Amino acid sequence: MQSVCVFCGARPGNDPDILNSTLQLADTLVAHNKALVYGGSSTGLMGTLADRVLEGGGKVIGIIPNTIVDMEIAHMSLTEQHIVADMASRKNKMMDIADACIALPGGFGTLDELFEALTNAQLRLHSKPVGILNVNGYYDSLINFLDHACSIGLLAPQNRQLLHIGNTPEELLNSLGEQRFRPA
């Protein structure tokens with residue numbers, strides 16, 4: 001695993017534990033020389049994550065659609081910034097570059113990216129591990145929903161197992177298959 005795509009919010013939220021977990025994830029990626037692939041924005045958790053990786057000397061690859069560049073929220077100090085036509089192209093490019101995917105807490109965009117990564121794994125369009133960082137139980141309701149979908153036969157158990165869950169960055173990265181990840 002050389003690069004990790006992180007899906008996260010363009011808003012910062014108001015839970016300090018989510019911010020701290022975002023910073024911890026950035027520090028862990030830097031400590032283990034893993035490039036960050038993300039949505040290319042300078043705002044919210046996205047901007048915080050990118051800034052922290054850059055401050056630590058890490059590599060950050062942003063993928064951003066033209067429409068967001070035009071809103072002047074593109075991060076202008078990244079190692080690489082790829083400008084793409086639209087959101088679909090953004091997701092495709094992020095998946096092409098990254099070796100694994102992590103969703104931090106976020107909104108519609110984060111969930112869209114997470115479920116596209118899971119759907120494509122289910123369809124065997126990629127074999128990259130996909131996980132969620134479940135800070136303060138943020139994703140508990142989603143996890144319960146997916147378990148319920150399994151229990152009533154709408155989601156196959158092997159497909160439910162495609163989603164890795166961790167409560168800390170180290171736990172999640174270990175679950176994704178990088179046993180070398182330890183707290184920095």
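Throughout, read-outs are computed from the coordinates displayed, never taken from laboratory work. Nothing here was measured: the structure is a model prediction, and the numbers come from that model. Neighbour counts are summed over all protein chains in view; Cβ atoms, including those assigned to glycine, are modelled from backbone coordinates with ideal geometry.
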Query raised in the report: Does the stretch 33-116 classify as rounded, prolate or oblate by the C-alpha gyration tensor (a ≥ b ≥ c root eigenvalues; a/c under 1.5 gives rounded; else a/b over b/c gives prolate, otherwise oblate)?
Result: rounded
Query raised in the report: What number comes out for the charge environment of GLN158, summing +1 per Lys or Arg and -1 per Asp or Glu over other residues with Cβ under 15 Å away?
Result: +1
Report task. Would you pull out the residues with amide H under 5 Å of GLY40's amide H, same chain only if 5 or more places away, H placed 1.01 Å from N? Result -> ILE63
Report summary line: Quick calc: nm separation of the 7 Å Cα→Cβ label points for GLN2 and GLU55 -> 2.8 nm
Report summary line: Which residues qualify? For VAL84, with a placed amide H closer than 5 Å and at least 5 residues away or on another chain, they are ILE64, ASN66
Report task. Putting +1 on Lys and Arg Cβ atoms and -1 on Asp and Glu Cβ atoms, find which of GLY47, PRO105, SER3 reaches farthest to the positive end of the dipole of the chain. Result -> SER3
Query raised in the report: Taking the Cα centre of each part, how many Å lie between the stretch 90-140 and the stretch 45-61?
Result: 19 Å
**Report entry** Share, in percent, of DSSP beta bridges within the chain that are antiparallel, nearest 5
**Finding:** 5 percent
**Report entry** Under Karplus coefficients 6.51, -1.76 and 1.60, residue-wise ³J(HN,Hα) of the stretch 61-77 in Hz, glycine/proline x
**Finding:** 10, x, 10, 9, x, 3, 4, 7, 4, 4, 7, 6, 10, 5, 6, 9, 10
Requested in this report: Pull up all non-local amide H partners of PHE7: gap of 5 or more, or a different chain, and H-to-H distance under 5 Å with H placed in the peptide plane.
Outcome: ILE102, ALA103, LEU104
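Over the stretch 73-184, what is the relative contact order in percent, taking alpha-carbon pairs closer than 8 angstrom and at least six residues apart? Working shown, then result.
On the way: 105 pairs, mean separation 24.9, N = 112.
RCO, the stretch 73-184: 22 percent.
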Report task. With a 10 Å radius around each residue's Cβ, average the other Cβ atoms per peptide and rank 81-88, 111-118, highest first. Result -> 111-118, 81-88
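Roughly how many debye, to the nearest 20, is the charge dipole of the stretch 43-184 about its Cα centre, given +1 on each Lys and Arg Cβ, -1 on each Asp and Glu Cβ, and no other charges? Walk me through the numbers before you get to the answer.
Numbers: 10 positive and 16 negative charges, 78 e Å.
The calculated dipole for the stretch 43-184 is roughly 380 debye.
Work out the FRET efficiency for ALA85 and HIS32 from their Cβ-Cβ distance, taking R0 = 22 Å, and round it to the nearest 0.05.
On the way: r = 33 Å, r/R0 = 1.48.
Working from the Cβ atoms, E equals 0.10.
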Query raised in the report: Hey, got a sec? Which trypsin sites (Lys or Arg not before Pro) in the stretch 104-184 land in a DSSP loop and have at most 10 other Cβ atoms within 10 Å?
Result: ARG124, ARG180
